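Step one of this worksheet: look at the structure below.
Any read-out appearing in this document is the output of simple, stated calculations on the displayed coordinates, not a laboratory observation. If you're wondering where the values come from, they're calculated on a predicted model, not measured in any experiment. Note that we place each Cβ from the backbone using ideal geometry, even for glycine, and neighbour counts take in every protein chain shown.
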Amino acid sequence: MEILTEVAISAFLVISGVFGLVGSFGLVKLKDTMQRLHAPTKATTLGVGGVLIASMLYFLLVKDKLSFHELLITLFLFLTAPITANFIAKAYMSANIREADVPTTQGEKGWAIYDDPPEPAEQD
Amino acid sequence: MLIKRLFPHPILSVVLTLVWLGLVNKVTLGNVILGGFLGIVVPFITAPYWPNRPLLRNPVAIVGYFLIVLWDIVVANVQVAMLIVFKRADSLQSKWITIPLDLTSAEAITVLAGTITMTPGTVSATLSADGSAILVHCLHTDDPDAVRDEIKNRYERRLKEIFA
């Protein structure tokens, strides 16, 4: 039984290591900033996720206690990672990408980076 | 109603209590009471800051949505890892995709944008100024319309059921 536990924990660690490596490799290989933005979103999901699962298994099966910290790390990562990516994307777009380079909104207003929001309705 | 005044935001109360128990990492009576106390006091104090909070129509659907997103993250992670390792960088066809939104509440759009970013291969870049469309950057696709339809059918349709 013990050997099975160790194999499972090691497997998750190796999986997360591989995805972390591929994510970092993507940063080097991809051409422009928008493409490179895709690489770290990989490392934070499966890369970190694998380590967290391995950690939970370790505490559950080896140390015989349930640990919730890994679930909280997942929760906080899911809350913060998209916001970081969005901020980088917006900063890059406003500095380097012209409005003509991206497709239209198919609506009345342009994209928020290039266009002002509509006037708020009159409050009574 | 007393219950309504004590718990202006019942789901937040439960989440706060669970997060507190997770942070101390030990379930004892004292921790449950302290977590429950935080779960009552924090929503009570912060209630004025969300006057137009959308109601959750179907809280059970959140679990299903979370599991689907989790599965998609795993599948798409492998796909993007393959792209990065095996495809030549100059043969990647990155595309901007406009996705018109049916969702209107800020909270629902935030969840959708976060989901798009967390599922690898797509990053949400910006909203239109009136919030009626979202601009997505796709790492590699031959068929932008298929990506748009999948996001609309898979995620947005479910979010419309969750948020009233």
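Within 10 Å of each Cβ of B:112-125, how many other protein chain Cβ atoms are there on average? Can you show the working numbers first?
Values: counts 0, 4, 8, 2, 3, 11, 8, 2, 10, 3, 2, 10, 4, 13.
Per residue, the average neighbour count from other chains is 6.
Sorted from fewest to most neighbouring beta carbons within 10 Å, what does the list B:Val27, B:Val111 look like? Walk me through the intermediate numbers first.
Values: B:Val27 12, B:Val111 21.
Sorted ascending by nearby Cβ count, the order is B:Val27, B:Val111.
For the Cα atoms of chain B, what angle does the longest principal axis make with the long axis of helix B:29-46, in degrees from 0 to 90, nearest 10?
Value to nearest ten degrees: 70.
By its C-alpha gyration tensor, with a ≥ b ≥ c as the square roots of the eigenvalues, how is the range A:2-98 shaped: rounded for a/c under 1.5, else prolate for a/b larger than b/c, else oblate?
Values: a/c = 7.19, a/b = 2.08, b/c = 3.46.
Oblate, because a/c is 1.5 or more while a/b does not exceed b/c.
Once amide H atoms are built 1.01 Å from N in the peptide plane, which residues 5 or more positions from B:Phe163, or in another chain, come under 5 Å H to H?
Amide H neighbours of B:Phe163: B:Arg57.
Select from B:Leu127, B:Leu135, B:Leu23 the residue whose mean-square fluctuation is largest in a Gaussian network model of chain B (Cα-Cα springs shorter than 10 Å).
Top of the fluctuation ranking is B:Leu23.
Take B:Leu70, project a point 7 Å from its Cα along the Cβ direction, then tell me which residues of the range B:116-143 have their backbone nitrogen under 18 Å from it.
In the range B:116-143, the label zone of B:Leu70 (backbone N under 18 Å from the point 7 Å along Cα→Cβ) covers B:116, B:118-120.
Less than 15 Å Cβ to Cβ from B:Val111, Lys/Arg counted +1 and Asp/Glu -1: what total charge do the surrounding residues give? Provide the component values of the computation, followed by the final result.
Values: positive: B:Arg53, B:Arg57, B:Lys152, B:Arg154, B:Arg157, B:Arg158, B:Lys160; negative: B:Asp72, B:Asp102, B:Glu107, B:Glu156, B:Glu161.
Net charge around B:Val111: +2.
Would you mind ranking A:Ser24, A:Ser16 by Cβ crowding within 10 Å, fewest neighbours first? Could you put the intermediate results ahead of the total?
On the way: A:Ser24 15, A:Ser16 20.
Exposure proxy ranking, most exposed first: A:Ser24, A:Ser16.
Rounded to the nearest 20 Debye, what is the dipole magnitude of the range B:60-162 about its Cα centre when Lys and Arg each give +1 and Asp and Glu each give -1 at the C-beta? Before the final figure, lay out each step's value.
Values: 9 positive and 12 negative charges, 41 e Å.
Approximately 200 debye in magnitude.
Take B:Thr46, B:Thr115, B:Thr126 and order them by how many other Cβ atoms sit within 10 Å, fewest up front.
Numbers: B:Thr46 12, B:Thr115 25, B:Thr126 22.
Fewest-to-most Cβ neighbours within 10 Å comes out as B:Thr46, B:Thr126, B:Thr115.
Give, to the nearest whole percent, the P(r) tail of chain B beyond 28 angstrom, counting all Cα pairs. Write down the numbers at each step before the final one.
Numbers: 5221 of 13366 pairs.
Summing the P(r) of chain B above 28 Å gives 39 percent of all pairs.
Of the residues B:Val32, B:Val136, B:Val147, which exhibits the maximal mean-square fluctuation in a Gaussian network model of chain B defined by a 10 Å Cα contact cut-off?
B:Val32
Label points 7 Å out from Cα along the Cβ direction at B:Asn153 and A:Ile73: separation in nm?
Taking the simple label geometry, B:Asn153 and A:Ile73 are separated by 3.7 nm.
Can you bin the protein assembly as shown into rounded, prolate or oblate? Criterion: square roots of the alpha carbon gyration tensor eigenvalues sorted a ≥ b ≥ c, rounded for a/c under 1.5, prolate for a/b above b/c, oblate for the rest.
oblate
Holding the Cα-Cα limit at 24 Å, pick out from A:Lys90/B:Lys160; A:Lys63/B:Lys26; A:Lys29/A:Lys90; A:Lys29/A:Lys109; A:Lys29/B:Lys95; A:Lys31/B:Lys87 the pairs that are longer than that. Mind dumping the intermediate values first?
Numbers: A:Lys90/B:Lys160 26 Å; A:Lys63/B:Lys26 15 Å; A:Lys29/A:Lys90 22 Å; A:Lys29/A:Lys109 36 Å; A:Lys29/B:Lys95 18 Å; A:Lys31/B:Lys87 13 Å.
Correct reply: A:Lys90/B:Lys160; A:Lys29/A:Lys109.
Averaged across the residues of A:103-116, what count of C-beta atoms belonging to other chains lies within 10 Å of each residue's C-beta? Each step should come with its number before you reach the end.
Details: counts 7, 4, 12, 6, 9, 4, 7, 4, 9, 7, 6, 3, 3, 1.
The shielding value for this peptide is 6.
Within the range A:20-108, list the trypsin sites (Lys or Arg not before Pro) lying in a DSSP loop whose Cβ has at most 14 other Cβ atoms in a 10 Å radius. Please report the intermediate quantities before stating the final value.
Numbers: sites: A:Lys29, A:Lys31, A:Arg36, A:Lys42, A:Lys63, A:Lys65, A:Lys90, A:Arg98; in loops: A:Lys31, A:Lys63, A:Lys65, A:Arg98.
Within the range A:20-108, the qualifying trypsin sites (Lys or Arg not before Pro) (loop, at most 14 other Cβ atoms within 10 Å) are A:Lys31, A:Lys63, A:Lys65, A:Arg98.
Got a sec? Which residues in the range B:23-60 would a label at A:Thr80 touch, if it sits 7 Å along Cα→Cβ and we count backbone N under 18 Å?
Zone members listed by number: B:23-24.
Any idea how far the Cα center of the range A:1-52 sits from the one of the range B:112-164, in Å?
First find each Cα centre; the distance between them is then 24 Å.
Sum up the charges of everything whose Cβ sits under 15 Å from the Cβ of B:Ala125, counting Lys and Arg as +1 and Asp and Glu as -1, but leave B:Ala125 out.
Numbers: positive: A:Arg36, A:Lys90, A:Arg98, B:Lys95, B:Arg148; negative: A:Asp32, A:Glu99, A:Asp101, A:Asp115.
Surrounding charge for B:Ala125 is +1.
What whole-number value in cubic angstrom gives the convex hull volume per residue for the C-alpha atoms of the range B:61-121? Intermediate results must be reported in sequence, preceding the final value.
Details: hull volume 5.2 nm³, N = 61.
Given the Cα convex hull of the range B:61-121, per-residue volume reads 86 Å³.
With labels modelled as points extended 7 Å from the Cα through the Cβ direction, what inter-label distance (nm, one decimal) is found for B:Met82 paired with B:Arg57?
3.6
Using alpha-carbon positions, what is the distance between the centroids of the range B:37-60 and the range A:69-124, in Å?
25
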